[in-house]
Ligand code: SF4
């Protein structure tokens, strides 16, 4: 896979050495067991895959290069480039401005933009409406485009099935930038509706089967369907695509469920299911798949707790937390400093969207085993920082240096 020029501050020689060693031992990526770092009283089991993905490295390379090459120009990002506060703050420090926040609220008025400004499209992509807006201001919308190719692959899939008269069901968070972009591209070619989870998929199924009156649709799916969407006629042939960072198991469950509803309701067979349900497997990106499978592999190991590092608004990171929470006490932190001491930790409760403090997160016992991973937008340097901070609570920080030297 292509390598990118990412600022060295985000890299970690220690983590790179571990990743390279695992890669050499397992080129086909079949081994999802974690890497065990045994420091005596503290053992850290590091997920097989974590950290910056292709799309994030691509976006970082383009954004930093653009800043370096254009010192005399005003540079804007449509919104956060990726969901990581460290990377976004570094760009802000270099004078880059965000036009919108992650919820789509305007921070910089469109009217203040000029034709010679640079506007960078983030890794999530953007809507066709925004592209048109930029063009109307004289700004070439795709000149500085960091949209991830794996997101574009979803748009292409939606386009392909739309051309075959399937309605597109997007499994995603309706307000997430990527889902808004995918929705915009898909609805340009075919009726489109967003479902955020299996409950909404079940609700949609009631319109497919006629158990619910079509009049209820507009209220129940407010803001999540394309203009003119008619549940009576637009749910006859469907296909499911997803926001690339959703939980793979949930997307699969939704696709399987909707397929079964179509098969039963329209009295299809396995052989004829394709008449009304498009095959759209494979719209999860490789990084989401690898990172989630690595967490599943990591959770097979006995441990006392899990730590997940990443931006609090990162969708892919919150899904890793969700998986860990099913098995273990789990702490979602954005940086090593969130571990205030061996006793206290500030961590994100994504169920209630708030940071909370927990005491005695490290159990008082002779040996503590910790599972550790990070999201696709989290620099490896932060994961190394977490390892070092944990070791410092046991006066073992020198062990990380020794390990870096050995590798
Ligand atoms: S998580 Fe996947 S889709 Fe998203 S930026 Fe990374 S590689 Fe692209």
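In whole percent, what relative contact order does the chain give with Cα contacts below 8 Å and a gap of six or more residues? Don't jump to the answer; show the numbers that get you there.
Details: 723 pairs, mean separation 83.7, N = 407.
With pairs under 8 Å counted, the relative contact order is 21 percent.
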Seminar exercise, completed: Per-residue ellipticity at 222 nm attributable to helices in the chain (runs of n ≥ 4 DSSP H, -39500 (n - 2.57) apiece, nearest 500 deg cm²/dmol) works out to -11500 deg cm²/dmol
Exercise. Alpha carbon centre of segment 279-335 versus segment 50-123: separation in Å?
Worked result: 26
Problem set entry | P(r) weight above 23 Å for segment 54-145, C-alpha pairs, percent | 14
Exercise. When ranked by the protection proxy of mean other Cβ atoms within 10 Å per residue, highest first, what sequence do the peptides 390-399, 175-184 form?
Worked result: 175-184, 390-399
Exercise. Once you sort the root eigenvalues of the Cα gyration tensor of segment 330-395 as a ≥ b ≥ c, which label holds: rounded (a/c under 1.5), prolate (a/b larger than b/c) or oblate (the other case)?
Worked result: oblate
For this session: In Å and from the alpha-carbon atoms only, list the Rg and Dmax of the chain.
Result: 22.7, 67
For this session: Would you mind calculating the relative contact order of segment 68-199 from Cα pairs under 8 angstrom and at least 6 residues apart, reporting the percent as a whole number?
Result: 22
Exercise. What angle, in degrees between 0 and 90 and rounded to the nearest 10, separates the Cα long axis of helix 149-163 from the longest principal axis of the Cα atoms of the chain?
Worked result: 20
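Once you have a ≥ b ≥ c as the square roots of the Cα gyration tensor eigenvalues for segment 156-275, tell me rounded if a/c is under 1.5, and otherwise prolate or oblate according to whether a/b is larger than b/c.
On the way: a/c = 1.32, a/b = 1.19, b/c = 1.12.
Rounded, because the longest to shortest axis ratio a/c is under 1.5.
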Problem set entry | Rel. contact order, % - alpha carbon contacts under 8 angstrom, at least six apart, segment 54-145 | 30
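Express the Stokes-Einstein translational diffusion coefficient of segment 251-347 in µm² s⁻¹, to the nearest whole number, given a Kirkwood radius over alpha-carbon pairs, 25 °C and a viscosity of 0.890 mPa s. The partial results should precede the final answer.
Details: Rh = 16.3 Å.
Answer, rounded: 151 µm²/s.
Any read-out appearing in this document is the output of simple, stated calculations on the displayed coordinates, not a laboratory observation. Just so you know, these numbers come straight off a predicted model, no measurement behind them. Cβ coordinates were reconstructed from backbone atoms using ideal geometry, including for glycine residues, and neighbour counts include every protein chain displayed.
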